[in-house]
1. Look through VAL38, VAL105 and report the one residue that is more than 30 Å from GLY164 (Cα to Cα), at pLDDT below 95 and either open to solvent by less than 90 Å² (accessible area, probe 1.4 Å) or more than 43 Å from the chain's Cα centre (by Cα) (or both).
2. Hey, among the residues in region 41-65 that are surrounded by 18 or more Cβ atoms within 10 Å (Cβ to Cβ) and farther than 29 Å from TRP173 by Cβ, which one's farthest from the chain's Cα centre (by Cα)?
3. Can you pull out every residue in region 90-102 that is surrounded by fewer than 18 Cβ atoms within 10 Å (Cβ to Cβ), of a type outside the set (Ser, Thr, Tyr) and at negative phi?
4. Just the residues that are open to solvent by 40 Å² or more (accessible area, probe 1.4 Å) and of a type outside the set (Lys, Arg), please, taken from region 132-143.
5. Is it the case that some residue within region 117-131 is closer than 22 Å to GLY65 by Cβ, free of Cβ contacts under 8 Å to residues at least 40 places away in the same chain and assigned to a strand (DSSP E or B)?
6. Conditions first: (1) surrounded by fewer than 20 Cβ atoms within 10 Å (Cβ to Cβ); (2) assigned to a loop (DSSP other than H, G, I, E, B). VAL68 passes all but one, so which condition is the exception?
7. Scan region 133-153 and tell me whether some residue there is without any contact (Cβ under 8 Å) to a residue 40 or more places away in the chain and on the phi > 0 side of the Ramachandran plot.
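The values are calculated or read from the model by the stated rules, or taken from the named source; none is laboratory data. In this text, all values refer to a predicted model and were calculated from it rather than measured experimentally. Cβ atoms come from the backbone with ideal geometry, glycine included; neighbour counts cover every protein chain shown. Note: accessible area is taken over every heavy atom of the protein model, side chains too, but ligands, DNA and RNA are not part of it. Shrake-Rupley method; radii C 1.70, N 1.55, O 1.52, S 1.80 Å.
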Amino acid sequence: MKKVLLASACLFALAAPASAADLAARPYTKAPVAVASVYNWTGFYLGIVGGGAWENASGDPKMKGGFVGGTAGYNWQTGNVVFGIEADGAWADVSASATALGITVSSKTDALGTVRGRIGWAVNNVLFYGTGGYAWIDNKLSVSALGVTVSDSKFHSGWTVGAGVEAFFAPQWSVKGEYLYRSLGGETYFSGLGAPVNTGTLNFHTVQVGVNYHFGGPIVAKY
């Protein structure tokens, strides 16, 4: 019996290498391809915006103050070039007043906004752009004397030009900083009272920041 067991063991020992050699080789598997995230700026977005404005005038007092409001826009991207259109409107408190001989005259911009084109250069999640278009303000002029105040409001239209930078900080969220120069045509106040006052052109510097939400998800995978 020992001889049979010993012979069987020898046969198994000799057959083992041959059986291992007969096993199929492990198939070659290619390492997974790395996926890079590339931002596509095309699409609709909504946001909030706020900042400060000050009048570009030689004398004092100059109108100055802040504003906050909303933004809506749409971008088209081709290659690295991004075209867009954007509109914004904001509540404002940009004002100045002067008193002489017991008479106080004040000017206050209660609202302002723009409708602008944008063109820029995208470097993945960062967009550098120039912008320009239509600008407007709603302004009120008030005169106070002997405890009586008379006010008149006018809508001023004009143009704006500027530049900014915008960057995604999350898949659908971006933050931007922007400078705009706004030039608004003059309007005549109090014409109905027989004492017309013409403001002449109103020019403002504005600096604003905003946060935008982009619909549809701007990230695409690049292999």
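1. Criteria check complete, one pass: VAL105.
2. For region 41-65, the residue satisfying everything is MET63.
3. The answer is TRP91, ASP93, ALA98, ALA100.
4. TYR134, TRP136, ASP138, VAL143
5. No, there is no match, as no residue in region 117-131 is closer than 22 Å to GLY65 by Cβ, free of Cβ contacts under 8 Å to residues at least 40 places away in the same chain and assigned to a strand (DSSP E or B).
6. Of everything listed in (1) surrounded by fewer than 20 Cβ atoms within 10 Å (Cβ to Cβ); (2) assigned to a loop (DSSP other than H, G, I, E, B), VAL68 misses just condition (2).
7. yes
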